Amino acid sequence: QVQLVESGGGLVQAGESLRLSCAASGIFRINGMDMGWYRQAPGKQRELVATITSGGITKYADSVKGRFTIPRDNVKKTVSLQMNSAKPEDTGVYYCWGSINPYWGRGTQVTVSS
C-alpha cells in the first residue's frame with residue numbers, strides 16, 4: 001500500500017522560511033511519478049502550490065513563484081517544499097500528491113503569523 005507522509009509543518013512568522021517534506025513508502029521507486037504540493041486554506045478549495053514532473057520540470061502557482069521551490073530526491077523517495085519569505089496567505093493544510101492513481105498524503109498544517 002502506497003503512502004505519502006508529510007512532515008515539517010508548523011507556525012512561523014511572516015518573512016521566515018519553512019521546509020516541508022513528503023516521504024513515499026510502499027512503492028519501489030518514484031522516478032516515473034510526477035509529484036507535488038497542494039494546499040487548502042480555511043473555507044477555500046484545495047489549490048495547486050507546486051509540482052515537479054518525473055523529468056524534473058517544475059510548475060508553481062503565481063502566488064508562490066520566486067519564493068517556493070520543490071526539490072525531489074528519487075533515491076530517498078522524497079519531495080520537499082522549501083518555503084521562503086512566508087506570508088500569512090500561505091497559511092493552510094499542505095498535501096503531498098503523487099500522480100499515479102493519484103496518491104495523497106494526509107496533510108500538514110502551516111500557519112504564518114503576521
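The values are calculated or read from the model by the stated rules, or taken from the named source; none is laboratory data. Worth saying up front: this structure is predicted, and the values here are computed from it rather than measured. Here the Cβ is made from the backbone with ideal geometry for all residues, glycine too, and neighbour counts use every protein chain on show. Surface accessibility is based on the protein's heavy atoms, side chains included, excluding ligands, DNA and RNA. Shrake-Rupley method; radii C 1.70, N 1.55, O 1.52, S 1.80 Å.
Residues in segment 74-97 that are open to solvent by 10 Å² or more (accessible area, probe 1.4 Å), touching a residue at least 24 places away in the same chain (Cβ under 8 Å) and either of a type in the set (A, V, I, L, M, F, W, C) or not in a strand (DSSP E or B) (or both): ASN74, LYS76, LYS77, ASN84, SER85, LYS87, PRO88, GLU89, THR91, VAL93, TRP97.
Would you point out which residue out of THR53, THR69, THR58 is among the polar types (S, T, N, Q) and either under 19 Å from VAL2 (Cα atoms) or in contact with a helix residue (DSSP H, G or I) (Cβ under 7 Å, 6 or more places away or on another chain) (or both)? Sole residue among the options that is among the polar types (S, T, N, Q) and either under 19 Å from VAL2 (Cα atoms) or in contact with a helix residue (DSSP H, G or I) (Cβ under 7 Å, 6 or more places away or on another chain) (or both): THR53.
Residues in segment 39-64 that are hydroxyl-bearing (Ser, Thr, Tyr) and outside any loop (DSSP other than H, G, I, E, B): THR51, THR58, TYR60. Taking the numbered list (1) in a loop (DSSP other than H, G, I, E, B); (2) at pLDDT 95 or above; (3) not aromatic (Phe, Trp, Tyr) in turn, ILE100 passes all entries but (2). Scanning segment 47-73 for residues that are among the aliphatic types (A, V, I, L, M) and surrounded by fewer than 15 Cβ atoms within 10 Å (Cβ to Cβ) gives LEU48, ILE57. Hey, can you tell me all the residues within segment 8-42 that are modelled with pLDDT under 95 and open to solvent by 60 Å² or more (accessible area, probe 1.4 Å)? Result: PHE28, ARG29, GLY32, PRO42.
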